[in-house]
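The values are calculated or read from the model by the stated rules, or taken from the named source; none is laboratory data. A quick note: this is a predicted structure, and the numbers were derived from the prediction, not measured. Note that each Cβ is placed from the backbone with ideal geometry, even for glycine, and that neighbours are counted across all protein chains shown. Quick note on the areas: whole protein, heavy atoms, side chains included, nothing else; ligands and nucleic acids left out. Shrake-Rupley method; radii C 1.70, N 1.55, O 1.52, S 1.80 Å.
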Amino acid sequence: MPQTFDRPADYIDAAREMAAAGRPSLARLLAEEAADRTPDADTAARILAEFPGPSLRREG
């Protein structure tokens, strides 16, 4: 069964799994999504700090 992502914590868990698997870019993207879905700015900043690096999102 595919994993569903309903909460920021789901994205954070997946980001940690990707980081542990040696996929830091995917981890960062998942962390950015978690941060976007987090209403508190300080918490969002802590999420992004846990997964440092430049944004890899394409804006368009």
Förster radius 30 Å - calculated FRET efficiency between Ala41 and Asp13, Cβ distance, rounded to 0.05 | 0.90
Using a simple spin-label model with points 7 Å from Cα along the Cα→Cβ vector, what separation in nm is obtained for Ala20 and Arg58?
-> 3.1 nm
How big is the accessible area of Ser25 in square angstrom, nearest 10, if you roll a 1.4 angstrom probe over the protein chains?
-> 60 Å²
If you keep only loop residues by DSSP, which trypsin sites (Lys or Arg not before Pro) in the range 20-60 have at most 10 other Cβ atoms within 10 Å of their Cβ?
-> Arg58
Quick one: compute a quarter of the convex hull surface over the Cα atoms of the chain and quote it in nm².
-> 4.7 nm²
